[in-house]
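The values are calculated or read from the model by the stated rules, or taken from the named source; none is laboratory data. These numbers come from a predicted model, not from an experiment. Ideal geometry is used to build each Cβ from the backbone, glycine not excepted, and the neighbour counts take in all protein chains shown.
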Amino acid sequence: MTLFDRVFGGNDAVYGLTEGAIDGAIAQYGEDKAVSFPNTAYSLPCYYSVTGTKVTNLKELKEALGVVKTLMTRNKRLNDAFMSGVATALCAEFIEVLKYIDGAEPYAEPCYGHLGDAVIRELGVPLVTGDIPGVAVILGAAPSVEEGVELVKSYQAQGILVTLVGGIIDQCEEAGYKTGANVRVIPLGKDVTSVIHVVSVALRAALIFGNIAPGDAGNLMKYTFERVPAFVNAFKPLDDVIVACGAGAIALGFPVVTNETENIFRVPKSLIVQEDVSKFNATSLEARDIKIKITKIDIPVAFGSAFEGEIIRKGDMQVEFDGSRVDCCELVQTKELAEVEDHHFELIGKDFDEFEVGSKHSIAYVVEVAGKNMQPDFEPVFERKFHNYVNCIEGVMHTGQRDMIRVRISKDAFNAGFRAKDLAEVLYARIKSEFDAVVDKCQVKIYTNDEDCTKIRHELAIPAFDKRDERIGNMTDESVGVYYSCIMCQAFSPSHVCVVTPERLGLCGAVSWLDAKATNELDPAGPCQVITKEKVIDERIGEYEDVNEAVRKFSQGALQDVSLYSIMEKPMTSCGCFECICGIEPFSNGVCIANREYAGMTPLGMTFPELASMTGGGVQTPGFMGHGKQFISSKKFMKAEGGIERIVWMPKELKDQVAEKLNATAKELYGIDNFTDMIGDETIAEDPETLVAFLTEKGHPALSMDPMM
Ligand code: SF4
Ligand code: NI
Ligand code: NI
């Protein structure tokens, strides 16, 4: 048998099954029965991205199958094999979507099945920063449970996102190995067709971040090949169906590594036989050209981004530090070089082994840094990373920031020997490696007695935080000489550029003007570049000749001009990792804002994923804009259209989050008290009529403003 016979045979078999399944469903439900996956704006994402056609019911699904058939040519050429692989993948998607008929929930723990659009957006930033250096798809059962778990663990320790299909899922369960999106090991499903759910993620990434037009199959495959660092590990025995799926993976640019030696044909860099399962990891990384940032820290537990989302329950916790109950804080302080002894650690108070199991205490850690190029402006930038650093420790959970932190140490970490000095070691090692351009010396002091913690918090930390807030709070776009570009997201969204100003942070919410400044100074050739703002074109919408020039240059000409303060005229583009989306609501002359966490409907008749599907990809979409949460209370928030007075609706949770600052801005700009009381939310209205009635009753200012379009 040749490789062609196997691919074609596997494809034919899956096609036959799919046809049977669709016919069966039509017989059972009738051809008008709706078919869809939950939580996606991309219909059947694989079929939609490849063909540009949305399938909504069984009749259309049957027609789609006819289109799939045209891909199944049978010449013995490589392209025919690849297209048959793609056809197999599309058939798998059809079989999977049938499982979701009538809102069924076909997947039970630990399996996930279909992954919603929100998951893809969440993956965007870590994939861009290299925190997730790759995506592994492990298919079938390893030769032994130990080898299977070892392989999963090896990827996880490197921060690679692992998806599991088939027997490997049972092997992880048998070994009691923790899986779940929070630890970046995602069991998809036990049938081979469930592999489509990771393909679906890759293809939607191309639509969302890459602005690939649905149906542009050539560019789609180019995008996945160049920008989605995925690969497949398939355990023997490989049947023809798996071989056909593998051809589909290769067509998308994802190499397949297998320990199958019978009846298999090697394709350099694409289909690789590796008999030794312990070498799967190295072979795969090499084939896909994935480089791992090594963070080796001398502590008794593992450290890596895979542990970032780990949750430690009460029963599993050795000791907890809880800033909401007692005095806690974390603080970075700039010192003179002579005042700091590099790598020095001091513990003032008890160590973790002197506390009772399950007890709550105070903690304060002060990281003192010194360096010729260090500036106090960088302190909050470092501090903000502590959440990530501490969370990446296996068996340690961290939430919050500043003096509202909570740290839990698990019994497992404690039993492995994790103590206060190890916490200090992590802070030291990460600061020194990430900020070596400005930090020459670093020392860490950890306080665990109540008295000292109270003192540090109230006398040292809070005054420092207040001083900083005052400085940042007083900073305006006019008060600084330059802005910064950020192109961190271009790894995924090749033409997207954020212009970051003091009053408008990056749309991801993670890059403030100070962060961008620090990034630029730490890495002058890096993603954040200085943009001057000397040649004003239009003050009202915030358009500058120099900003335009920068945007043209950094978008490689894809973007011509951009305004900083308008949602209608030359609005800034979005990559895909926006915290919020704002869209115009014509009936009230206002705008509605939805945040990513909000799962419900908005008065615009669209959910967050639906809004997001028309906002991303690095293109300008007047009337819609992605932005960070903090931007909502900014005086520059769509200033050109009248500013925050235009906000007529946002989800309740978001409203509560931004209320204090938003109300202060409304009071200052327009003299309105408690502005958020005039803004609708989902408990008040999810449709425009009810919303307008509510706004009328409250006398919302947007109603009497000029129409926006
Ligand atoms: Fe991406 Fe913009 Fe955030 Fe930079 S500021 S990481 S480009 S969203
Ligand atoms: Ni206190
Ligand atoms: Ni982005």
Out of all the residues in region 546-559, is one or more within 16 Å of ligand 3 (Cβ to nearest atom), within 30 Å of Thr690 (Cα to Cα) and in contact with a strand residue (DSSP E or B) (Cβ under 9 Å, 6 or more places away or on another chain)? no
Name every residue in region 359-379 that is part of a helix (DSSP H, G or I) and either more than 29 Å from the chain's Cα centre (by Cα) or surrounded by 22 or more Cβ atoms within 10 Å (Cβ to Cβ) (or both), in order of residue number. Pro376, Phe378
Mind listing just one residue for me: the one in region 513-522 that is within 15 Å of ligand 3 (Cβ to nearest atom) and not β-branched (Val, Ile, Thr) and, of those, modelled with the lowest pLDDT? Asp515
Return yes or no: is Thr53 polar (S, T, N, Q) and surrounded by 24 or more Cβ atoms within 10 Å (Cβ to Cβ)? no
Count of region 214-243 residues which are buried (at least 24 other Cβ atoms within 10 Å of the Cβ), over 15 Å from Val137 (Cα atoms) and either β-branched (Val, Ile, Thr) or in contact (Cβ under 8 Å) with a residue 40 or more places away in the chain (or both): 0
Residue ranges of helices (runs of 4 or more DSSP H) in region 601-705 with at least 2 members in contact with a helix residue (DSSP H, G or I) (Cβ under 6 Å, 6 or more places away or on another chain) and not basic (Lys, Arg): 652-670
Which one of these does Met568 not meet: (1) away from ligand 3 (no atom under 16 Å from the Cβ); (2) within 22 Å of Lys636 (Cβ to Cβ); (3) crowded, with 22+ Cβ neighbours inside 10 Å? (3)
Kindly check whether there is at least one residue in region 172-182 that is among the aliphatic types (A, V, I, L, M), more than 16 Å from ligand 3 (Cβ to nearest atom) and at pLDDT below 95. yes
Please determine whether any residue of region 322-336 is more than 19 Å from Asp403 (Cα to Cα) and not β-branched (Val, Ile, Thr). yes
Among what's in region 269-284 and is surrounded by fewer than 21 Cβ atoms within 10 Å (Cβ to Cβ) and not β-branched (Val, Ile, Thr), pick the residue that is nearest to Asp131 (Cα to Cα). Ala282
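So that you can scan it fast, the table gives a plain yes or no per residue for (1) in contact with a Lys or Arg (Cβ under 9 Å, 6 or more places away or on another chain); (2) at pLDDT below 95; (3) within 16 Å of ligand 3 (Cβ to nearest atom); (4) hydroxyl-bearing (Ser, Thr, Tyr):
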position: Leu65; (1), (2), (3), (4): no, no, no, no
position: Lys69; (1), (2), (3), (4): no, no, no, no
position: Ile101; (1), (2), (3), (4): yes, no, no, no
position: Val128; (1), (2), (3), (4): no, yes, yes, no
position: Gly140; (1), (2), (3), (4): yes, no, no, no
Determine if region 396-408 includes at least one residue that is of a type in the set (A, V, I, L, M, F, W, C), under 22 Å from the mean Cα position of the chain (by Cα) and in a helix (DSSP H, G or I). no
Scan region 173-180 and give yes if some residue there is under 30 Å from Ser144 (Cβ atoms) and in a helix (DSSP H, G or I), otherwise no. yes
Kindly list the number of the only condition in (1) surrounded by 18 or more Cβ atoms within 10 Å (Cβ to Cβ); (2) modelled with pLDDT of 95 or more that fails for Ile160. (2)
Ile581 passes all but one of the listed conditions (1) over 25 Å from Leu691 (Cβ atoms); (2) among the aliphatic types (A, V, I, L, M); (3) within 16 Å of ligand 3 (Cβ to nearest atom); the exception is number (1)
Would you point out which residue out of Ala13, Ala25, Ala118 is modelled with pLDDT of 95 or more, aliphatic (A, V, I, L, M) and out of contact with any Leu (no Cβ under 7 Å at 6 or more places or on another chain)? Ala13
List the strands (runs of 3 or more DSSP E) inside region 445-552, counting only whole elements, that have at least 3 residues being more than 16 Å from ligand 2 (Cβ to nearest atom), touching a helix residue (DSSP H, G or I) at 6+ places or on another chain (Cβ under 8 Å) and in contact (Cβ under 8 Å) with a residue 24 or more places away in the chain. 482-486, 498-500, 530-532
Testing Lys455 on (1) away from ligand 3 (no atom under 16 Å from the Cβ); (2) buried (at least 16 other Cβ atoms within 10 Å of the Cβ); (3) of a type outside the set (Ser, Thr, Tyr); (4) at pLDDT 95 or above, one condition comes back false. Which one is that? (2)
Are any residues in region 113-147 within 25 Å of Val68 (Cβ to Cβ) and either in contact with a Phe, Trp or Tyr (Cβ under 6 Å, 6 or more places away or on another chain) or not hydrophobic (A, V, I, L, M, F, W, C) (or both), and if so, which ones? Gly113, His114, Gly116, Asp117, Gly140
Failed item in (1) more than 16 Å from ligand 3 (Cβ to nearest atom); (2) surrounded by fewer than 23 Cβ atoms within 10 Å (Cβ to Cβ); (3) of a type in the set (A, V, I, L, M); (4) under 31 Å from the mean Cα position of the chain (by Cα), with Leu460 passing the rest: (4)
Quick test of your reading of the structure: Thr621 fulfils all but one of (1) without any contact (Cβ under 8 Å) to a residue 40 or more places away in the chain; (2) surrounded by fewer than 18 Cβ atoms within 10 Å (Cβ to Cβ). Name the failing condition by number. (1)
Going by what's in this entry, would Ser485 be described as crowded, with 21+ Cβ neighbours inside 10 Å and of a type in the set (Gly, Ala, Ser)? yes
Among the residues of region 129-160 satisfying the criterion of being touching a Gly at 6+ places or on another chain (Cβ under 9 Å) and among the aliphatic types (A, V, I, L, M), which is farthest from Lys236 (Cα to Cα)? Ile132
Selection from region 70-83 of residues that are of a type outside the set (Asp, Glu), in contact with a helix residue (DSSP H, G or I) (Cβ under 8 Å, 6 or more places away or on another chain) and over 20 Å from Pro45 (Cβ atoms): Met72, Thr73, Arg74, Lys76, Ala81
